[in-house]
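What follows draws every value from the coordinates through simple rules; no lab data is involved. Everything quoted here is computed from the prediction, not taken from an experiment. Methodologically, a virtual Cβ is constructed for each residue, glycine included, from the backbone with ideal geometry; neighbour enumeration extends over all protein chains shown.
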2 protein chains.
Amino acid sequence: MKAYLDCYPCFFIQALKTARLVTSEEKVILQILKEVSLYLSQVSFDVTPSEIGRGVYLIISRITGVKDPYKEVKERCIRQALALYPELKQLITASEDRLMTAVRLAIAGNVIDFGTSSSFDLDRDLKAVLSQDFALDHSDDFRKALVEASKILYIADNAGETVFDRLLIEEIGRPVVYAVREKPIINDATREDAVLSGLEKVSKVMSSGCDAPGNILKFCSEEFFRVYRSADLIISKGQGNYEALSDEKRPIFFLLKAKCPVVARDLGLEEGSIILLKRGRNKKVLS
Amino acid sequence: MKAYLDCYPCFFIQALKTARLVTSEEKVILQILKEVSLYLSQVSFDVTPSEIGRGVYLIISRITGVKDPYKEVKERCIRQALALYPELKQLITASEDRLMTAVRLAIAGNVIDFGTSSSFDLDRDLKAVLSQDFALDHSDDFRKALVEASKILYIADNAGETVFDRLLIEEIGRPVVYAVREKPIINDATREDAVLSGLEKVSKVMSSGCDAPGNILKFCSEEFFRVYRSADLIISKGQGNYEALSDEKRPIFFLLKAKCPVVARDLGLEEGSIILLKRGRNKKVLS
């Protein structure tokens, strides 16, 4: 998904929010905004919002010297989600359709996102997503693909959401490669976050090599790319990964809640919609 | 009032909104946003938001060649307000406190503002402002100043709101100089808009010489400045004029609704508050 004009003001809203998380010095924050301005005046908008966002966050890190502004936020989210884990596990066990309950919870966990919103109500959102209709529902294809798949790649999104991913992976009950970001970017999950969330117990955790707030293939490692190319089922979580991968040809199932108007518009849906969307072909690509 | 960090993203929101009013060509809009970026990366933030906003709108005019993007919007707002005029006049006539009802209506008219919001509900806002408590209420000082004043200057804000100003000026029943912008800027009232609103019947309409979305003194004409310096009562309408004049020393009564979080914060009030606030001394300044 290419960047939209509406992304433009949003980059500044995100930069301001993140800068304030790192420093209270107004001069430093203004310097960040001005450098983001200069950067956006020069950057091509013929790329994904994730790619431009990566540049914005690199500016913040460079100016403040803080490499992981969301470190504490991420740890808090993971702890919060881990505390919910037993309750959520029981919810799945007691449900008639365990897989789809786990899918819905994995989407609900996607509400934990400081990139698009700084306030969220996890309890409220959990309940809403459990009863909300899918605006795009390829769950039959998903079930079928799961039965047939031998190599499953699960591309992670945010820290905290990781715990919800774990629940879904446990329901899938098959070997899964769980790909996380190479370095901290916003509240996206890194290896450290995945391990803290217990993902190593249920999957093979690997870095994608990418440090953008979306799994942009050109920034990924050759190792990840091999896994990506040979996977016969790819699960992509969240908006950032959708932005980065929506135009790709591989058999990707996108699980997300459309939390921003731009992504909702790109999907042709209303803001707040939840989707389990299949894109791409179900064939292996020879590497 | 100096620009706040939160103004930064807002300049882009405003630029995007205005650009879209003028053109649907995405390339042109992106060019505007990029030039606004470059401008904001260089401009001092030690000035008022109105001054920076002026630069933003000049970029839009220069790139698109459209000098008055809000021309149709302004005319529509004026017609809408004129249609309400008889009803509003009757409301004032029937009220116990005619002056304060007129003041409240003048503030309600201030909701007609495409600079801070593109959607408003005039009827709803009229009713709300008629019953809403003033968060800052210097109405006693205002009554007193009106009795004593021999030279009243009324600094206009938006087109459409102008009709509401006319009602207040009619209640004041004294000679008033009504100052408008020199050139079109957002939906701010120009001489043409004032005349269309019937202001020439009740006041002396003059241009302030200023083409910013706020009456910034350094951009005003010498003629306006003489009127400004010799006035013993100045009425300033709206946020833009507050931004431009809030640190000045003249006896200014600010009538506005705090429509954006930044102005609300500067006033130490909640968003949506209405005020009749006196600032400055009540003495003439020798020119």
### Query
Around B:Asn215, what is the net charge, scoring Lys/Arg as +1 and Asp/Glu as -1 over all other residues with Cβ under 12 Å from its Cβ?
-2
### Message
Once the label point is set 7 Å along the Cα-to-beta-carbon vector, what list of distances in nm do you get between A:Lys27 and its counterparts in the other copies?
### Response
4.3
### Summary
Convex hull around the C-alpha positions of chain B: the volume in Å³ per residue is 118 Å³
### Task
Output the relative contact order of chain B, whole-number percent, from Cα pairs under 8 angstrom with separation of 6+ residues.
20 percent
### Cross-link partners of A:Lys34 among aspartates and glutamates (Cα-Cα below 20 Å; sequence separation of 8 or more within a chain)
A:Asp6, A:Glu25, A:Glu26, A:Glu51, B:Asp6, B:Glu35, B:Asp46, B:Glu51
### Task
Taking each label point as 7 Å beyond Cα in the direction of the beta carbon, state the distances from B:Ser131 to the same residue in the other copies, shortest first, in nm.
3.2
#### Entry: Computed Rg/Rh of the protein assembly as shown, alpha carbon atoms with Kirkwood Rh
1.07
### Average partner coverage of B:27-36, which counts Cβ from other chains inside 10 Å
3
### Message
Need the list of lysines near A:Lys218 for cross-linking: C-alpha distance under 24 angstrom, and skip anything on the same chain fewer than eight residues off.
### Response
A:Lys2, A:Lys67, A:Lys151, A:Lys183, A:Lys204, A:Lys237, A:Lys249, A:Lys278, A:Lys283, A:Lys284
### Among B:Phe142, B:Gly240, A:Leu126 - extreme Cα towards positive end, dipole of the protein assembly as shown, charges at beta-carbon
B:Gly240
## Note on the structure
Under 20 Å by backbone N from the virtual spin label 7 Å along Cα-to-Cβ at B:Lys89, the residues of the stretch B:163-177 are B:163-176
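What list do you get for A:Lys27, A:Lys183 if you sort them by fewest beta carbons within 10 Å? Walk me through the numbers on the way to the answer.
Working: A:Lys27 9, A:Lys183 16.
By the 10 Å Cβ count, ascending, the order reads A:Lys27, A:Lys183.
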### Task
Calculate how steeply helix B:122-131 sits against the longest principal axis of the alpha-carbon atoms of chain B, using the helix alpha-carbon long axis, and give the answer as 0 to 90 degrees to the nearest 10.
40 degrees
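Please find the FRET efficiency linking B:Lys201 to B:Arg98, where r is the Cβ-Cβ separation and R0 is fixed at 30 Å, and quote it to the nearest 0.05.
That gives a FRET efficiency of 0.95.
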### Inter-site label distance for B:Arg124 and A:Lys249 at 7 Å from Cα along Cβ, in nm
5.0 nm
### Summary
If one compares the long axis through the Cα atoms of helix A:49-64 with the longest principal axis of the Cα atoms of chain A, the angle in degrees, nearest 10, works out at 50 degrees
#### Entry: Paramagnetic reach from B:Ser131 (point 7 Å along Cα→Cβ, amide N under 18 Å) across the stretch B:59-103
B:91-92, B:95-97, B:101-102
### Message
Starting from a Cα-only point model with no solvent, please compute log10 I(q)/I(0) by Debye for the stretch B:92-214 at q = 0.13, 0.15, 0.19 1/Å.
### Response
-0.52, -0.71, -1.12
### Task
Sort the stretch A:1-160 into rounded, prolate or oblate with this rule: let a ≥ b ≥ c be the square roots of the eigenvalues of the Cα gyration tensor; rounded if a/c is under 1.5, and if a/c is not under 1.5, prolate when a/b is larger than b/c, oblate otherwise.
prolate
### Task
Taking each label point as 7 Å beyond Cα in the direction of the beta carbon, state the distances from A:Leu38 to the same residue in the other copies, shortest first, in nm.
1.4
### Query
Which order do B:Arg250, A:Arg104, B:Arg181 fall in if you start with the one that has the fewest other Cβ atoms within 10 Å?
B:Arg250, A:Arg104, B:Arg181
### Task
Run through the DSSP bridge list for the protein assembly as shown and note the antiparallel percent, rounded to the nearest 5.
25 percent
### Message
From the convex hull of the Cα coordinates of the stretch A:7-64, what is the mean projected area in square nanometres?
### Response
3.4 nm²
